[in-house]
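Written out below as structure tokens is the structure these notes cover.
The values are calculated or read from the model by the stated rules, or taken from the named source; none is laboratory data. Model, not experiment: these values are computed from the prediction. As a convention, Cβ positions derive from the backbone with ideal geometry for all residues, glycine included, and neighbour counts pool all protein chains shown. Protein only, heavy atoms only, side chains kept; ligands, DNA and RNA dropped before computing areas. Shrake-Rupley method; radii C 1.70, N 1.55, O 1.52, S 1.80 Å.
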Amino acid sequence: MEITIFSIFPEMFAPLNASLLGKAQEKGVISLEIVDFRHYSLDKHRAVDDYPFGGGAGMVLTPQPIVDALRDKLNTTADDDLEIIMLSPQGQVFDQQAARRLAQKKKLAFVCGHYEGFDERIRSFVDSEYTIGDYVLTGGELPAMVMIDAICRLIPGVIKEQASFEEDSFYQGLLEYPQYTRPRIFEGMEVPEILIGGHHEKIRLWRKKQSLLRTLLRRPDLLHQYPLNQEEEKLLAEIKMDLAVGENHE
Ligand code: 4GT
């Protein structure tokens, strides 16, 4: 996948060169180009922002540098392989489903804003607009990195074990079950007995039940969205019985 980032703070993207995404770049599985759109400003002071028409506090990103940078770096004429994404608190909420959709693209571009935001006309030059959640940040750089991380780990060859996300997708829409490694007893806290025995079917059911319990207690909103199969319906009924008699609290 080819990723192009448009930002006036290119130095903020150093984290993408570390860890798995750094490796993926070395392997050529993904490529990153960071474009400082200030270089495209035709203003005598290289300004990228200006005062808002109608008055008010703060500055607004002006269209010229961003649109010229997009035109110079991308094929902006109806390219199905490319999606140009704007980051803003007014976008659609980025979630795992959006990550899976975007991981299918050959090319992605991210336009990161600053100050009070974008001149409205810049929106005509992007394909989609995303927010990473309902809070305000100083710029779109961190949201772009969050999206890039979530998307790239779904690309084959970025994570070593394909199983890491095949399993994720098995529990798609539910929270993860509790995990343990050695030692069997740490400061008096024991690993659940069921995980020691090696009875794979019992372990699978215990984990599924734990996922359902954890999702019910912590994220009931997710559980309401989740399409329960027969086995899961049965486990959830058990959980509700357990809770009623005071068992199974986290
Ligand atoms: C939050 C998010 C975002 C901002 C988010 C333009 C001026 C937007 C600053 C920028 N804040 N961008 N994408 N929650 N702030 O995703």
**OP:** Keeping every protein chain in place, order 88, 31, 124 by accessible area at 1.4 Å, biggest value first, i.e. largest first.
**Re:** 124, 31, 88
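Divide by every residue of the chain the summed helix terms, -39500 (n - 2.57) for each DSSP H run of at least 4, and state the resulting mean residue ellipticity at 222 nm, rounded to the nearest 500 deg cm²/dmol. Before the final figure, lay out the partial values.
On the way: 9 runs with 91 residues, N = 250.
For the chain, the value works out to -10500 deg cm²/dmol.
Could you sort the peptides 52-58, 210-216, 132-138 by per-residue average Cβ neighbour count (10 Å cutoff), highest mean leading?
210-216, 132-138, 52-58
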**OP:** Could you pull out every one of the lysines with an alpha carbon less than 30 Å from that of residue 106, ignoring same-chain neighbours closer than 8 positions?
**Re:** 23, 27, 73, 160
**OP:** Could you pull out every one of the aspartates and glutamates with an alpha carbon less than 17 Å from that of residue 209, ignoring same-chain neighbours closer than 8 positions?
**Re:** 167, 168, 176, 193, 201, 231, 232, 233, 238, 242, 247, 250
**OP:** Specify the residue with the greatest mean-square fluctuation among 33, 233, 141, computed from a Gaussian network of the chain linking alpha-carbon atoms under 10 Å apart.
**Re:** 233
Original post:
Just the accessible area per residue of the chain, please: how many Å² with a 1.4 Å probe?
Top reply: 60 Å²
Subject >> As computed over segment 111-185, the Cα convex hull volume per residue (Å³) >> reply: 175 Å³
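Place the peptides 89-96, 1-8 in order of packing, highest mean first, counting for every residue the other Cβ atoms within 10 Å and averaging per peptide. Present the calculation step by step, with values, prior to reporting the outcome.
Working: 89-96: 13.9, 1-8: 21.5.
So the order, starting with the most tightly packed, is 1-8, 89-96.
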Subject >> Cut-off 11 Å between beta-carbons: net charge of the residues surrounding residue 34, Lys and Arg +1, Asp and Glu -1 >> reply: -3
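What does the convex hull of the alpha-carbon atoms of segment 1-152 project to on average, in nm²?
Details: hull surface 36.9 nm².
Averaged projected area of segment 1-152's Cα convex hull equals 9.2 nm².
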Original post:
For segment 56-128, what's the relative contact order in percent, using C-alpha pairs closer than 8 Å and at least 6 residues apart?
Top reply: 54 percent
